[in-house]
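The values are calculated or read from the model by the stated rules, or taken from the named source; none is laboratory data. Not measured: the values here are computed from a predicted model. For neighbour counting, all protein chains shown are included, and Cβ atoms are generated from backbone atoms with ideal geometry for every residue, glycine included.
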Amino acid sequence: MKLILLGPPGAGKGTQAKMLSQRLAIFHISTGDIFREAVQENSPLGLKVKGVMEKGELVPDKIVIKAVMDKIETHSLKKGFVLDGFPRTKIQAVELDNALNELDAPVDLVIYLRTSLKVSISRLSKRRVCPKCGFNYHLINIPPKEEGICDRCKVSLIHRPDDKEETIKKRLEVDLQESEELLNYYREEQRLEEVSGDLDSDEVFETLTKIFKEKKL
Ligand code: AP5
């Protein structure tokens, strides 16, 4: 299955993408993770995107598209994938369609996790991440067993630098500016399914699996 998960910052894209990739044995491709890894490694890509991410702005389309297509090509298209955090602009969506159509491997489904502003803000400000396995905890909804420590890796959890109050505000503003055009692109082609991102993560997951069944995916 080839799937796109859209939604504002904090909608739960990463959380659902991880669950889906495990359950369906498909690849999880997250542009945020690709860029964070590059920043950590101080690679040429990391140096290009670090400042932009810290400000909560979007990485230029050309850089993002190349990063994703590099990943898709090196991953098996046959096995399938879930895209998390990409596309984020209409330009990215059109480029992705063109590239996948050329490979005769179009996306099967686009899901939008519609999420209220209040929920997004609460999730992002209380998110804590394991720097080793990347698991996303939430201080209230998904707390670790031992405060500040990853249940599996036993290392200290971190607060993502772009989860500071001012940067969260900026990321949500940027999302509002870009998302309508992007969603309309998929709506016009009747490829968009909407699911409430405000539900708890198991309920979202159940709703998603129901949709896959209905669509025989
Ligand atoms: P990215 O990492 O993609 O950030 P984002 O889109 O802002 O999304 P988040 O990762 O913050 O949220 P999420 O929806 O994955 O939620 P999560 O599952 O973690 O991108 C970071 C930056 O990279 C961008 O700002 C930009 O600069 C750049 N970038 C990336 N892609 C780009 C692109 N295509 N174009 C240009 N620039 C790009 O959940 C959040 C919290 O809530 C967690 O604590 C989790 O445990 C909890 N939670 C999740 N679901 C639920 C639930 N249902 N109920 C209760 N709690 C929940």
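Values for this structure:
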{"read-out": "Condition met for Lys145 (out of contact with any Phe, Trp or Tyr (no Cβ under 7 Å at 6 or more places or on another chain), over 24 Å from Phe27 (Cα atoms) and outside any helix (DSSP H, G or I))", "value": "yes"}
{"read-out": "Only listed residue being modelled with pLDDT of 95 or more, in a helix (DSSP H, G or I) and under 28 Å from Thr89 (Cα atoms), chosen from Leu124, Leu199, Leu113", "value": "Leu124"}
{"read-out": "Region 117-173 - residue that is small (Gly, Ala, Ser) and more than 18 Å from Asp200 (Cα to Cα) and, of those, farthest from the ligand (Cβ to nearest atom)", "value": "Ser156"}
{"read-out": "Qualifying residue in region 177-186 (condition: away from the ligand (no atom under 12 Å from the Cβ) and in contact with a strand residue (DSSP E or B) (Cβ under 7 Å, 6 or more places away or on another chain))", "value": "yes"}
{"read-out": "Every residue from region 27-64 that is assigned to a helix (DSSP H, G or I), more than 9 Å from the ligand (Cβ to nearest atom) and more than 17 Å from Lys170 (Cβ to Cβ)", "value": "Glu37, Ala38, Val39, Gln40, Glu41, Pro44, Leu45, Gly46, Leu47, Lys48, Lys62"}
{"read-out": "Region 78-110: number of residues that are touching an Asp or Glu at 6+ places or on another chain (Cβ under 9 Å), of a type in the set (A, V, I, L, M, F, W, C) and assigned to a loop (DSSP other than H, G, I, E, B)", "value": "2"}
{"read-out": "Of all residues in region 73-104 being aliphatic (A, V, I, L, M) and in contact with a strand residue (DSSP E or B) (Cβ under 7 Å, 6 or more places away or on another chain), the one that is farthest from the ligand (Cβ to nearest atom)", "value": "Val82"}
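Table: residues versus (1) closer than 22 Å to Glu165 by Cα; (2) within 17 Å of the chain's Cα centre (by Cα).
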site: Ile4; (1), (2): no, yes
site: Gly7; (1), (2): yes, yes
site: Ala17; (1), (2): no, yes
site: Gln22; (1), (2): no, yes
site: Phe27; (1), (2): no, yes
site: Arg36; (1), (2): yes, yes
site: Pro44; (1), (2): no, no
site: Gly56; (1), (2): yes, yes
